[in-house]
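Working notes for the structure below.
The values are calculated or read from the model by the stated rules, or taken from the named source; none is laboratory data. Since the structure is predicted, the reported quantities are computational estimates derived from the model, not experimental observations. When we count neighbours, we look across all protein chains shown, and the Cβ atoms used for this are built from the backbone with ideal geometry, even at glycine. The accessibility values were calculated without ligands, DNA or RNA, using every heavy atom of the protein model including side chains. Shrake-Rupley method; radii C 1.70, N 1.55, O 1.52, S 1.80 Å.
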Amino acid sequence: MKNSITSLTPNALTALKTELEREYQDYVRRDLKLDMSRGKPAPKQLDLCNGMLSMDLKYRTENGTDARNYGVMDGLPECKAFFAELLDLDPKQIVIGGNSSLAMMYDQVSRLMLFGTGVEPAWKTCQDAGRKIKFLCPVPGYDRHFKICEAMNIEMIPVPLHEDGPDMELISGLVRADEMIKGIWCVPLYSNPQGVCYSDQVVGQLANLETAAKDFRIFWDNAYAIHPIYQAVPLASIFKAVNRSGGENRIYYFFSTSKISFPGAGVAMMASGAKSIAEIKKHMSAQTISYDKLNQLRHLQYFQSADGMKGHMRELADLLRPKFDMVLSKLQDQLGGTGLAKWSTPRGGYFISLDTYPGCAKEVVSLAGQAGVKLTEAGATYPYGLDENDSNIRIAPSYPELEELDTAMDLLCICVKLAGVDKLLRIQEG
Ligand code: PMP
């Protein structure tokens, strides 16, 4: 293999290590301060929505309701219609929430913990009786999903995420055999962090899983539903794929405008079957009188239509694409063929997933950190922070300016090589 570092002799490796250490020290001396740890939009992306900050907001809804006041707890009908068109959902199955889909996920798991689904005992009751609630977690995955499970004492079972979605053979066997497996986290489009898009077949299999648990639930976090960068990938409708009556009630679909307008100041929603939506509204009515309808109207009046929002996403993609191009070309130029790294080539979303030589991810993140480039913690993409191979790192290219990204990627590639060479030398030394 061209440039393969893994096949170098011990002497050649030692010489390379000296050279890499020298290059690394050059970066340390530059006293960098770059943060690539979270997938935050860059200020230029946010600027594209500045019109929302000064617009003349009309506070009457289509049917004349005064949106400045309490009421319409589950969201404005026109907001539901908007999301329904955008995401190919039925407006009747939608509930609009506050500013965060993650908060809606947390709330939904909490409700299941406290109240259950109405069919089976509340999950907390099971836990109190010593029976562990378990969730399947496709890996690598989104660390904040795992955090919700940890906070609720839900046992996480990692399952491999392949190019077309999670390992369905493994999942089918597990959920059929264990009635304590109650849920699965899915990011079906441009997944965080690899950018995996679920195939129609996988969506169909998930929609119709035979499970031992009567209260099995699918957390369908479609956070990147309209976030293509290189190619818009179609996603099959999980609701339409359901074959058995009532099956849609075990699907909880989440979405928000966090990475469309302003993170922390967008609009979030969830969708499910009629029975689940009725349950959710019942519990919600004890939780809040109403969410922020002015923000719902602000988004509707600013973007005008589902097509308007998709057009905005094309502008955002134009800002993100050069950054993804930069990361991918640096990885290819500097690590391609070395045998020390593999990475994903996402078609959209916010991240690139990097796999270092086994046993090196923590060291790479630590080396980069010491040279002033903060990366997502190694292991964060796995339940309990446990990446058995210690190899996965999530690269978040959105926030830094291109010039900063250029520097950060050069440094990252040096760190990957340095940690890899060091590991190879230690292996050879036995
Ligand atoms: N889900 C996924 C997969 C994410 O990557 C993120 C972060 N953008 C969120 C949910 C958080 O969304 P929100 O800001 O709506 O809570």
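Tally Lys and Arg at +1 and Asp and Glu at -1 over the other residues with C-beta under 13 Å from the C-beta of residue 26: what net charge comes out? Please report the intermediate quantities before stating the final value.
Details: positive: 22, 29, 30; negative: 19, 21, 23, 31, 410.
Surrounding charge for residue 26 is -2.
Leaving out ligands and nucleic acids, note down the accessible area per residue over the range 147-199 with a 1.4 angstrom probe, in whole Å².
Heavy-atom accessible area per residue stands at 37 Å².
Only bridges whose two residues both fall in the chain count here: according to DSSP, what percent of them are antiparallel, nearest 5? Intermediate values should be presented prior to the final figure.
Numbers: 18 of 38 bridges.
The antiparallel proportion sits near 45 percent.
Around residue 135, with a cut-off of 10 angstrom between Cβ atoms, what is the net charge of the other residues, counting Lys and Arg +1 and Asp and Glu -1? Walk me through the intermediate numbers first.
Numbers: positive: 134, 182, 217; negative: 155.
Spelling it out: positives minus negatives among the neighbours equals +2.
Hey, got a sec? Which trypsin sites (Lys or Arg not before Pro) in the range 189-260 land in a DSSP loop and have at most 16 other Cβ atoms within 10 Å? Could you put the intermediate results ahead of the total?
Details: sites: 214, 217, 240, 244, 250, 259; in loops: 214, 240, 244, 259.
Filter output for the range 189-260: 214, 240, 244.
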**OP:** Report the local net charge at residue 250: Lys and Arg +1, Asp and Glu -1, summed over other residues whose C-beta lies under 11 Å from its C-beta.
**Re:** +3
Subject >> Helix axis angle, 10-29 relative to the chain longest principal axis, alpha carbon, degrees >> reply: 60
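Under the √(5λ) rule applied to the eigenvalues of the Cα gyration tensor, what semi-axes describe the equivalent ellipsoid of the chain? Give them in Å, descending. Numbers along the way, then the final one.
Numbers: eigenvalues 323, 152, 62 Å².
Ellipsoid half-lengths, sorted descending, are 40, 28, 18 Å.
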Original post:
Relative to the longest principal axis of the chain, what angle (0 to 90°, nearest 10) does the C-alpha long axis of helix 77-87 take?
Top reply: 40
Subject >> Distance in nm between pseudo-label sites at residue 131 and residue 73 (7 Å out along the Cβ direction from Cα) >> reply: 3.0
Original post:
Hey, rough spin-label estimate for residue 426 and residue 342, points 7 angstrom out along Cα→Cβ, what's it come to in nanometres?
Top reply: 2.2
Subject >> Cα long-axis angle, helix 168-177 against the chain (0 to 90 degrees, to the nearest 10) >> reply: 60
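Which value, in nm² and rounded to one decimal, describes the direction-averaged projected area of the C-alpha convex hull of the range 185-264? Let's see the in-between values first.
Values: hull surface 24.3 nm².
So the mean shadow area of the Cα hull is 6.1 nm².
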Subject >> Loop GluC sites (Glu not before Pro), the range 118-225 (other Cβ atoms within 10 Å of the site Cβ: 13 or fewer; DSSP) >> reply: 163, 210
Original post:
Which of the lysines could be linked to residue 17 by a straight reach, that is with a Cα gap under 19 Å, when you skip same-chain ones fewer than 8 residues away?
Top reply: 2, 362, 417, 423
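Taking the solvent-accessible surface of protein heavy atoms with a 1.4 Å probe, what is the per residue accessible area of the range 325-430 in Å²?
Numbers: 4040 Å² over 106 residues.
Heavy-atom accessible area per residue stands at 38 Å².
Order of 135-147, 225-237, 99-111 by packing, highest average Cβ count within 10 Å first? Working shown, then result.
Working: 135-147: 22.2, 225-237: 17.6, 99-111: 19.4.
Descending mean neighbour count gives 135-147, 99-111, 225-237.
Kindly work out what percent of the DSSP beta bridges joining two residues of the range 192-283 are antiparallel, to the nearest 5. It would help to have the intermediate numbers written out before the result.
Details: 4 of 8 bridges.
The antiparallel proportion sits near 50 percent.
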**OP:** Per residue of the range 102-113, in order, report the coupling 6.51 cos²θ - 1.76 cosθ + 1.60 (Karplus, θ = phi - 60°) as ³J(HN,Hα) in whole Hz, putting x for Gly and Pro.
**Re:** 4, 5, 5, 5, 4, 4, 5, 5, 4, 4, 5, 4
**OP:** Quick one: pull the percent of accessible area on the range 218-376 belonging to carbon and sulfur, 1.4 Å probe, ligands and nucleic acids left out.
**Re:** 51
**OP:** Take the solvent-accessible surface of the protein heavy atoms, probe 1.4 Å, and return the percent of it on the range 22-155 that carbon and sulfur atoms account for.
**Re:** 50
Original post:
Long-range amide H contacts for residue 374: which residues qualify at under 5 Å (H placed 1.01 Å from N, peptide plane, sequence gap of 5 or more or a different chain)?
Top reply: 34, 35, 36
Original post:
So which lysines pass the test for residue 40, namely a Cα distance under 20 Å, with those fewer than 8 places away in the same chain ruled out?
Top reply: 147, 259, 310, 323, 374
Original post:
What FRET efficiency would be calculated for the residue pair residue 177, residue 374, taking the C-beta separation as r and a Förster radius of 51 Å, to the nearest 0.05?
Top reply: 0.75
